[in-house]
Amino acid sequence: MTPSDHGHFDTAASTWDDDPAKVERARSTAAILAEVLPLRGDERVLEVGGGTGQLSLALADRVGSVLVTDASAGMVEVARANIERAGVGGRLAAERLDLVSDPLPTERFDGAWAQLALHHVHDLDALLAHVREVLVPGGWVAIVDLDDDRAGAFHAGHEDFTGHHGFDRDAFAERLRHSGFRDVMVRDAGSVEKELGGDHQGRGTFSMFLAVGHA
């Protein structure tokens, strides 16, 4: 993320959850992760780019604990309020953390998950390497993100967006392997509908994938 990205999300944080589609998307992703991941109920999980924490809140009763991280201080503030409101502060916490540039947590995690976060990360290889570094041997990473959107329709109208326009599934799987993850699996993970901006008009539907790998 760039400083302008942080500013955008800081500004948007207070009303982010007012869009019911965003909350429902997190719940749908949570259902997919609960189906695919071998959750025992005692895992220590790291969420990458967790925003307001909705994904981890939806999975709070399926794992032992979650550290929700985000590079946006505004998003972390809202996530902390959501965690407190849900009464799960004993198991969930939120911390402002840029996993590319900040010192890594000393804690080690059984798993890490992320939803629609990595396409904002410029140095994706550094991020994936750092995620692997904080996982225990055999730990897993589960990433839900946009399929290849080379036309840039998803972020049309956002002139300050400088991230990835989605990902090619095979290339993303290879990127995980290059970062040291094994047994990589990629599958469908639903879709996102949103109003289009810029030269694109109307509503668009954008497919997502789930990629899972093991340290």
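The values are calculated or read from the model by the stated rules, or taken from the named source; none is laboratory data. None of these values were measured; they are calculated from a predicted model. Using ideal geometry, Cβ is built from the backbone for each residue, glycine included, and neighbour counts are taken over all protein chains shown. Only protein heavy atoms, including side chains, enter the accessible area calculation; ligands, DNA and RNA are left aside. Shrake-Rupley method; radii C 1.70, N 1.55, O 1.52, S 1.80 Å.
Things worth noting here:
- Selection of region 35-72 for residues being more than 20 Å from V131 (Cα to Cα) and open to solvent by 10 Å² or more (accessible area, probe 1.4 Å) yields E35, R40, G41, Q54, L57, A58, D61, R62.
- Checked against (1) closer than 24 Å to L55 by Cα; (2) open to solvent by less than 60 Å² (accessible area, probe 1.4 Å), S191 passes all but a single condition, namely (2).
- Among (1) under 21 Å from R96 (Cα atoms); (2) modelled with pLDDT of 95 or more, the one test that L37 misses: (1)
- Members of region 68-82 found to be within 7 Å of R96 (Cα to Cα) and part of a helix (DSSP H, G or I), listed by number: A73, V76
- The condition of being surrounded by fewer than 21 Cβ atoms within 10 Å (Cβ to Cβ), modelled with pLDDT of 95 or more and in contact with a Phe, Trp or Tyr (Cβ under 9 Å, 6 or more places away or on another chain) holds for R169.
- Entirely in region 98-215, the strands (runs of 3 or more DSSP E) that have 2 or more residues that are out of contact with any helix residue (DSSP H, G or I) (no Cβ under 7 Å at 6 or more places or on another chain) and of a type in the set (D, E, K, R): 182-195
- Test: residue in region 80-90 that is β-branched (V, I, T) and touching a residue at least 40 places away in the same chain (Cβ under 8 Å): no
- Residues of region 98-122 satisfying the condition of being out of contact with any Gly (no Cβ under 6 Å at 6 or more places or on another chain) and surrounded by fewer than 20 Cβ atoms within 10 Å (Cβ to Cβ): D98, V100, S101, D102, P103, L104, P105, T106, E107, R108, H122
- Scanning region 83-97 for residues that are open to solvent by less than 80 Å² (accessible area, probe 1.4 Å) and part of a loop (DSSP other than H, G, I, E, B) yields G87, V88, G89, L97.
- Flag for D125 being touching a residue at least 12 places away in the same chain (Cβ under 8 Å), among the acidic types (D, E), more than 29 Å from E193 (Cβ to Cβ) and open to solvent by 10 Å² or more (accessible area, probe 1.4 Å): yes
- The single condition among (1) under 30 Å from D160 (Cβ atoms); (2) of a type in the set (V, I, T); (3) under 16 Å from the mean Cα position of the chain (by Cα) that I83 does not satisfy is (3).
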